[in-house]
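K.L.:
This structure is in structure tokens; I'll ask about it shortly.
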Amino acid sequence: MKPDEALALATRAAPAFAAAELCEAPINGPNLVVTSATSRSVASLWAGMGSVEEIRAQTAEHGTITFVAKVIRLPQRCTSVGDQRKADSYDVEAAFYNDGHAAKLISAGCRVPRPLIVERGTPLVICMTKVPGRADLSMDERQTGAALQWLARLHAAYWGHARADAAVAAGLQPQGSYWYLDTRADEHSRMPKSGWEGRLRLAARAIDERLKADPFQTVVHGDAKEANMLFEGGTVGMVDFQYCGKACFAKDLAYCLCCASGVPEAEERLLQHYLADLTAQLSALGGQPPALPQLQDALALAYCDLGRWMSGWGWWGHDLRERIIRVLDRLDGGKALPNEEAYSSAVRREFPIP
């Protein structure tokens with residue numbers, strides 16, 4: 001971004017600096033004067049759809065004020081399901097910051113960037129505050145617990161079909177998470193047709209439908225990996241809300257525990273803490289949390305759902321094989337059923353909706 005472009009953007013964002021706690025209210029009149037600005041690119045967006053810029057704005061009254069801008073250049077026409085999914089996700093993130101969702105989470109005690117301005121033009125620009133802290137590629141138990149507490153607050157804030165549906169109507173994803181089956185037909189078609197992954201391939205649609213029908217729906221972050229978590233002083237902040245939307249709560253847990261946590265042996269303790277945090281939040285907000293066996297069943301299915309995507313895309317995180325095989329054995333007794341319909345019946349039998 002050129003200096004004159006950075007200056008123009010910082011000038012447009014300046015009226016929001018005080019409300020976002022980047023500075024005190026301007027002393028001389030209602031507007032903060034930005035005298036100059038520079039930018040540096042800190043990340044590229046997927047599929048070449050833009051960049052994340054750090055803007056340093058110089059002001060007469062408050063010195064240097066730093067903020068972040070996502071500058072998104074959407075293609076005129078998306079030629080693949082994947083590109084359309086990515087393009088839609090940036091519209092969702094714009095809604096997250098522009099339509100009150102970030103403010104809602106801040107009120108719930110979740111550390112997220114504070115919105116400055118959203119400009120729905122060409123390019124689409126989302127300006128926000130920086131979240132302090134650093135990412136850790138191998139989260140310990142304390143950090144994983146902080147992440148799950150953050151997720152419990154998010155989930156409680158949107159708990160239940162009514163709240164989640166209202167969030168979708170206000171711009172969030174109709175299906176939260178970026179690996180959901182409806183846009184991952186290519187990965188599903190690449191799954192092996194034999195062995196336990198072949199069994200998972202046959203069971204995939206039934207598991208997807210069961211998660212969609214789970215009574216414990218909420219809004220999930222949808223990309224709760226360590227790269228999107230910033231730790232500081234025992235607390236965590238989260239960024240990247242492109243895939244934030246309605247889903248079973250367990251999708252966030254599966255992804256966080258598989259792909260972010262470095263302590264798989266602590267899962268049982270961590271889940272109990274998550275459930276205690278969720279229950280405490282829901283006692284104030286209203287809503288019925290799952291019992292521990294319901295949480296464990298939902299998580300087992302969410303691991304299978306995550307594994308379905310990885311099987312056709314590439315495996316990473318902790319090994320899910322044993323977890324998935326336990327569910328498949330429960331459905332088919334260790335031998336592939338003849339078709340997807342048979343797995344639908346088995347899922348209804350073994351994982352009835354409460």
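The values are calculated or read from the model by the stated rules, or taken from the named source; none is laboratory data. Just so you know, these numbers come straight off a predicted model, no measurement behind them. Counting neighbours? That spans all protein chains shown, and the Cβs are built from the backbone with ideal geometry, glycine included.
K.L.:
Can you name the residue in region 70-98 that is among the hydrophobic types (A, V, I, L, M, F, W, C) and more than 19 Å from the chain's Cα centre (by Cα) and is also surrounded by the most Cβ atoms within 10 Å (Cβ to Cβ) among such residues?
P.N.:
Within region 70-98, the first condition is being among the hydrophobic types (A, V, I, L, M, F, W, C), and the residues that meet it are 71-72, 74, 78, 81, 87, 92, 94-96.
Filter again for more than 19 Å from the chain's Cα centre (by Cα), leaving 71, 74, 78, 81.
Numbers: V71: 21, L74: 18, C78: 15, V81: 13.
The qualifying residue surrounded by the most Cβ atoms within 10 Å (Cβ to Cβ) is V71.
K.L.:
Could I ask something else about it? Against the definition (over 21 Å from the mean Cα position of the chain (by Cα), part of a loop (DSSP other than H, G, I, E, B), at positive phi and not hydroxyl-bearing (S, T, Y)), how does G287 come out, yes or no?
P.N.:
Numbers: over 21 Å from the mean Cα position of the chain (by Cα): yes; part of a loop (DSSP other than H, G, I, E, B): yes; at positive phi: yes; not hydroxyl-bearing (S, T, Y): yes.
Yes.
K.L.:
Name the one entry in Q84, Q149, Q58 that is in the same structural domain as V236 (by TED's automatic domain parsing) and either part of a loop (DSSP other than H, G, I, E, B) or not hydrophobic (A, V, I, L, M, F, W, C) (or both).
P.N.:
Numbers: Q84 fails: in the same structural domain as V236 (by TED's automatic domain parsing); Q58 fails: in the same structural domain as V236 (by TED's automatic domain parsing).
It is Q149.
K.L.:
Please go through region 136-156 and pick out each residue that is hydrophobic (A, V, I, L, M, F, W, C) and under 22 Å from Y90 (Cα atoms). Before the answer, list the steps.
P.N.:
Within region 136-156, the subset hydrophobic (A, V, I, L, M, F, W, C) is 137, 139, 146-148, 150-152, 154, 156.
Scanning region 136-156 gives L151, L154.
K.L.:
A further question on this structure: For Q143, are the conditions met, namely being buried (at least 20 other Cβ atoms within 10 Å of the Cβ) and over 15 Å from the mean Cα position of the chain (by Cα)? Give the steps one after another, and end with the answer.
P.N.:
On the way: buried (at least 20 other Cβ atoms within 10 Å of the Cβ): yes; over 15 Å from the mean Cα position of the chain (by Cα): yes.
Here the answer is yes, as Q143 does meet what is asked.
K.L.:
State yes or no: is A25 aliphatic (A, V, I, L, M), modelled with pLDDT under 90 and not in a strand (DSSP E or B)? Talk me through it step by step, then tell me what you get.
P.N.:
Values: aliphatic (A, V, I, L, M): yes; modelled with pLDDT under 90: yes; not in a strand (DSSP E or B): yes.
Yes: the conditions hold for A25.
K.L.:
While we're here: Does T122 satisfy the criteria of being out of contact with any helix residue (DSSP H, G or I) (no Cβ under 6 Å at 6 or more places or on another chain) and not in a helix (DSSP H, G or I)?
P.N.:
yes
K.L.:
OK, next. Please verify whether region 116-123 includes one or more residues that are under 19 Å from S44 (Cβ atoms) and in contact (Cβ under 8 Å) with a residue 60 or more places away in the chain. Talk me through it step by step, then tell me what you get.
P.N.:
Going residue by residue through region 116-123, those that are under 19 Å from S44 (Cβ atoms) are 122-123.
Those still in the list that are in contact (Cβ under 8 Å) with a residue 60 or more places away in the chain too: 123.
Yes, region 116-123 contains a residue that is under 19 Å from S44 (Cβ atoms) and in contact (Cβ under 8 Å) with a residue 60 or more places away in the chain.
K.L.:
Pull up region 115-140, narrow it to residues that are basic (K, R) and surrounded by fewer than 15 Cβ atoms within 10 Å (Cβ to Cβ), then point me to the one that is nearest to C259 (Cα to Cα). Give the steps one after another, and end with the answer.
P.N.:
To start, the set of residues in region 115-140 that are basic (K, R) comprises 120, 130, 134.
Applying the additional criterion that residues be surrounded by fewer than 15 Cβ atoms within 10 Å (Cβ to Cβ) yields 120, 134.
Working: R120: 33, R134: 17 Å.
Result: R134.
K.L.:
Going by the structure shown, is Q294 farther than 23 Å from A204 by Cβ and polar (S, T, N, Q)?
P.N.:
Numbers: farther than 23 Å from A204 by Cβ: no; polar (S, T, N, Q): yes.
No, not satisfied.
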